[in-house]
1. Sort out which residues of the range B:21-41 are over 22 Å from A:LYS40 (Cα atoms), in contact with a strand residue (DSSP E or B) (Cβ under 7 Å, 6 or more places away or on another chain) and not hydrophobic (A, V, I, L, M, F, W, C), and write them in order of number.
2. Please verify whether the range A:62-73 includes one or more residues that are within 14 Å of chain B (Cβ to nearest Cβ), closer than 21 Å to B:TYR107 by Cα, open to solvent by less than 70 Å² (accessible area, probe 1.4 Å) and in a strand (DSSP E or B).
3. Among residues belonging to the range A:50-61 that are out of contact with any Phe, Trp or Tyr (no Cβ under 8 Å at 6 or more places or on another chain) and not β-branched (Val, Ile, Thr), point out the one that is most open to solvent (accessible area, probe 1.4 Å).
4. Here is a list: B:THR82, B:THR49. Which entry is on the phi < 0 side of the Ramachandran plot, at pLDDT below 95 and open to solvent by 10 Å² or more (accessible area, probe 1.4 Å)?
5. Identify the residue in the range A:29-61 that is part of a strand (DSSP E or B), more than 14 Å from chain B (Cβ to nearest Cβ) and not polar (S, T, N, Q) and, among all such residues, is nearest to B:SER9 (Cα to Cα).
6. Whether any residue in the range A:8-26 is of a type in the set (Phe, Trp, Tyr), surrounded by fewer than 19 Cβ atoms within 10 Å (Cβ to Cβ) and in contact (Cβ under 8 Å) with a residue 40 or more places away in the chain is what I want to check.
7. Applying the selection to the range B:70-97, what residues are hydrophobic (A, V, I, L, M, F, W, C), in contact (Cβ under 8 Å) with a residue 24 or more places away in the chain and not in a loop (DSSP other than H, G, I, E, B)?
8. Report, by residue number, each residue of the range B:64-93 that is farther than 21 Å from B:PRO40 by Cα and more than 14 Å from the chain's Cα centre (by Cα).
Amino acid sequence: EDKVVQSPLSLVVHEGDTVTLNCSYEVTNFRSLLWYKQEKKAPTFLFMLTSSGIEKKSGRLSSILDKKELFSILNITATQTGDSAVYLCAVYTGTASKLTFGTGTRLQVTL
Amino acid sequence: GAVVSQHPSRVICKSGTSVKIECRSLDFQATTMFWYRQFPKKSLMLMATSNEGSKATYEQGVEKDKFLINHASLTLSTLTVTSAHPEDSSFYICSASTDRSLSYEQYFGPGTRLTVT
């Protein structure tokens, strides 16, 4: 059975802090790993990673994949209160052609 | 582009009744649609995958007679929760993909919160 595990489950930081969210996976026929941000409604797409060691960056957010160690990290620098959300990691496997989601990391950024 | 809508956004129904949730792709044709369920503070659980014009493929443990899925056109899929019970109360999210071979490119709808009393 495909597994995606995220850590920590939740964290609270102060505005301006840098955070690192973790996602590890055990799946068959890995194709890609995706990060989503979920506020009150549906997830919004952040990144898709397919190759090891290549950092994807969008503003204050960046992510990298390690296919040898089977994990990815999502970094957020200079956090703002608007970054408060649940961050979901999902792995796409070619065998089942579906996304398997992790449990998410709930981030709260306080003033 | 790639907007997916869901209707209703919120519904309250009585135990034993059926509820239909619609998922529409507004500006693209969705060959594949996915239905997820999300419990409070939990992740998204895939319920079923539906390809236009064919029967939905349900995940293990999901009752296909209870959660009826119809994907009659390239822009509309419906999920009907039949004989709803309080334990069916949840947040239901659909997503749509334009290509069966690239179903990781999913565009999510805003979700429907179902409360069964």
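1. Keep residues of the range B:21-41 that are over 22 Å from A:LYS40 (Cα atoms), which gives B:27-32.
Filter again for in contact with a strand residue (DSSP E or B) (Cβ under 7 Å, 6 or more places away or on another chain), leaving B:30-32.
Across the range B:21-41, the qualifying residues are B:THR31, B:THR32.
2. No: zero hits.
3. Going through the range A:50-61, the residues out of contact with any Phe, Trp or Tyr (no Cβ under 8 Å at 6 or more places or on another chain) turn out to be A:50-55, A:57, A:59-60.
Remaining after also requiring not β-branched (Val, Ile, Thr): A:51-53, A:55, A:57, A:59-60.
On the way: A:SER51: 53, A:SER52: 58, A:GLY53: 56, A:GLU55: 107, A:LYS57: 139, A:GLY59: 64, A:ARG60: 65 Å².
Filtering the range A:50-61 for residues that are out of contact with any Phe, Trp or Tyr (no Cβ under 8 Å at 6 or more places or on another chain) and not β-branched (Val, Ile, Thr), the one most open to solvent (accessible area, probe 1.4 Å) comes out as A:LYS57.
4. Working: B:THR82 fails: at pLDDT below 95.
From the options B:THR82, B:THR49, the qualifying one is B:THR49.
5. Pass one, the range A:29-61, residues part of a strand (DSSP E or B): A:30-38, A:44-49, A:56-58, A:61.
If we keep only those that are more than 14 Å from chain B (Cβ to nearest Cβ) too, we end up with A:56-58, A:61.
Of the ones still in play, those that are also not polar (S, T, N, Q) are A:56-57, A:61.
On the way: A:LYS56: 33, A:LYS57: 33, A:LEU61: 30 Å.
Among residues in the range A:29-61 that are part of a strand (DSSP E or B), more than 14 Å from chain B (Cβ to nearest Cβ) and not polar (S, T, N, Q), the one nearest to B:SER9 (Cα to Cα) is A:LEU61.
6. In the first step, residues of the range A:8-26 are kept if they are of a type in the set (Phe, Trp, Tyr); the result is A:25.
Applying the additional criterion that residues be surrounded by fewer than 19 Cβ atoms within 10 Å (Cβ to Cβ) yields none.
No, that holds for no residue.
7. Narrowing the range B:70-97 to residues hydrophobic (A, V, I, L, M, F, W, C): B:72, B:74, B:76, B:79, B:81, B:84, B:91, B:93-94, B:96.
From the residues that got through so far, the ones that are in contact (Cβ under 8 Å) with a residue 24 or more places away in the chain too are B:74, B:76, B:79, B:81, B:84, B:91, B:93-94, B:96.
Once the filter is applied, which keeps residues that are hydrophobic (A, V, I, L, M, F, W, C), in contact (Cβ under 8 Å) with a residue 24 or more places away in the chain and not in a loop (DSSP other than H, G, I, E, B), the range B:70-97 yields B:LEU76, B:LEU79, B:VAL81, B:PHE91, B:ILE93, B:CYS94, B:ALA96.
8. Hits for the range B:64-93 are B:ASP65, B:SER73, B:LEU74, B:SER83.
The values are calculated or read from the model by the stated rules, or taken from the named source; none is laboratory data. None of the values given here were measured: they were computed from a predicted structure. Cβ atoms come from the backbone with ideal geometry, glycine included; neighbour counts cover every protein chain shown. Please note that ligands, DNA and RNA were not included when accessible areas were found on the heavy atoms of the full protein model with its side chains. Shrake-Rupley method; radii C 1.70, N 1.55, O 1.52, S 1.80 Å.
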